[in-house]
There are 2 protein chains.
Amino acid sequence: MINENLLGIIAGILTSISMLPQLIKVLKEKNVDDLSPVMLLTLIIGIALWVWYGVMKSEAPIIYSNSFAVLVNLCLLGSYLIYRKKE
Amino acid sequence: MINENLLGIIAGILTSISMLPQLIKVLKEKNVDDLSPVMLLTLIIGIALWVWYGVMKSEAPIIYSNSFAVLVNLCLLGSYLIYRKKE
């Protein structure tokens, strides 16, 4: 049991770390040309469902890592709404 | 039990769909300037650990969606190795 949780925690940390450079780049350069709001919404809904799945199964690593991913992608979506070029 | 699995399947389909545009764009434009090989490797290792976690817990939605994600990101890493600019 400890091993599975530890595995989930390490997996969650690695996948969380790998999301940050994109967010940092967008926040630094204020350039959101490469973001697709439709795909971001799809991703956010998908990850939110993973959080729900984790809650139903009482699996902490899934809940924490996907909650973090929801946050990161909400920041990306927020950045898109703020920085997109007004036509 | 059916509900949790269905939830996981829908979550997996949504997060999988949201990965495809980046891969399609890279394959179409053969432009990998925005890919970071270190972050791709971090991500691939992280997702592979999620597959392992899913196997240990016998959770099919986690196994399938993360296996798909490993494949997509291996394609991105392969594209990076093929298309990166030789200095």
Subject >> Amide H partners (placed H, <5 Å) of B:Met19, local residues excluded >> reply: none
**OP:** Any chance you could give the angle, 0 to 90 degrees and rounded to 10, that helix B:60-83 forms with the longest Cα principal axis of chain B?
**Re:** 0 degrees
Subject >> Solvent-accessible ranking of A:Ser58, B:Ser16, largest area first, probe 1.4 Å >> reply: A:Ser58, B:Ser16
Subject >> the range B:1-75 shape via C-alpha gyration tensor axes, a/c threshold 1.5 >> reply: oblate
**OP:** Give the distance, in whole Å, between the Cα centre of the range B:1-42 and the Cα centre of the range A:38-87.
**Re:** 13 Å
Subject >> Principal-axis tilt of helix A:2-17 within chain A, Cα atoms, nearest 10 degrees >> reply: 10 degrees
Subject >> A:Met39 accessible area, 1.4 Å probe, all protein chains in place, Å² to nearest 10 >> reply: 50 Å²
**OP:** Please state the charge dipole magnitude for chain A, taken about the Cα centre, from unit charges on C-beta atoms (+1 on K and R, -1 on D and E), reported in debye and rounded to the nearest 20.
**Re:** 300 debye
Original post:
222 nm [θ] for chain A, helices only, -39500 (n - 2.57) per DSSP H run of 4+, per residue, to 500?
Top reply: -27500 deg cm²/dmol
**OP:** Measure nothing fancy, just the Cα-based angle from helix B:20-29's long axis to the longest principal axis of chain B, in degrees from 0 to 90, nearest 10.
**Re:** 20 degrees
Original post:
What's the tally of Lys pairs in chain A whose alpha-carbon atoms lie under 24 angstrom apart, where the two lysines are 8 or more places apart or on different chains?
Top reply: 6
Subject >> Inter-copy label distances at B:Ser36 (7 Å, Cα→Cβ; nm, one decimal) >> reply: 2.2
Subject >> Interface residues in the range A:13-41 - accessible area drops by 40 Å² or more relative to the isolated chain, probe 1.4 Å >> reply: A:Leu14, A:Thr15, A:Ser18, A:Asp34, A:Met39
Original post:
Residues with beta-carbon under 15 Å from that of A:Ala11, excluding A:Ala11: net charge, scoring Lys, Arg +1 and Asp, Glu -1?
Top reply: -2
Original post:
Can you list the trypsin sites (Lys or Arg not before Pro) in the range A:1-57 that are in a DSSP coil and have 15 or fewer other beta carbons within 10 angstrom?
Top reply: A:Lys30
Original post:
From the residues A:Leu77, A:Pro61, A:Ile45, which one has its Cα farthest along the dipole of chain A in the positive direction, the dipole being from +1 and -1 charges on Cβ of Lys/Arg and Asp/Glu about the Cα centre?
Top reply: A:Leu77
**OP:** Might you work out the accessible area of A:Glu29 for me, using a 1.4 Å probe with all protein chains in place, and round it to the nearest 10 Å²?
**Re:** 110 Å²
Original post:
Translational D (Stokes-Einstein, µm²/s) of the protein assembly as shown at 37 °C and 0.692 mPa s when Rh comes from the Kirkwood sum over C-alpha pairs?
Top reply: 197 µm²/s
Original post:
Looking down the axis that turns B into A, which residue of B has the closest beta carbon, and how many Å out?
Top reply: B:Asp34, 3
Subject >> In Å², nearest 10: area of B:Leu77 left accessible to a 1.4 Å probe >> reply: 30 Å²
Subject >> FRET efficiency, B:Lys57 to A:Ile45 (Cβ-Cβ, R0 22 Å, nearest 0.05) >> reply: 0.40
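The values are calculated or read from the model by the stated rules, or taken from the named source; none is laboratory data. Being a predicted model, the structure only gives us computed values, none of them experimental. Please note: Cβ atoms are built from the backbone with ideal geometry, for glycine as well, and neighbour counts cover all protein chains shown. Note: accessible area is taken over every heavy atom of the protein model, side chains too, but ligands, DNA and RNA are not part of it. Shrake-Rupley method; radii C 1.70, N 1.55, O 1.52, S 1.80 Å.
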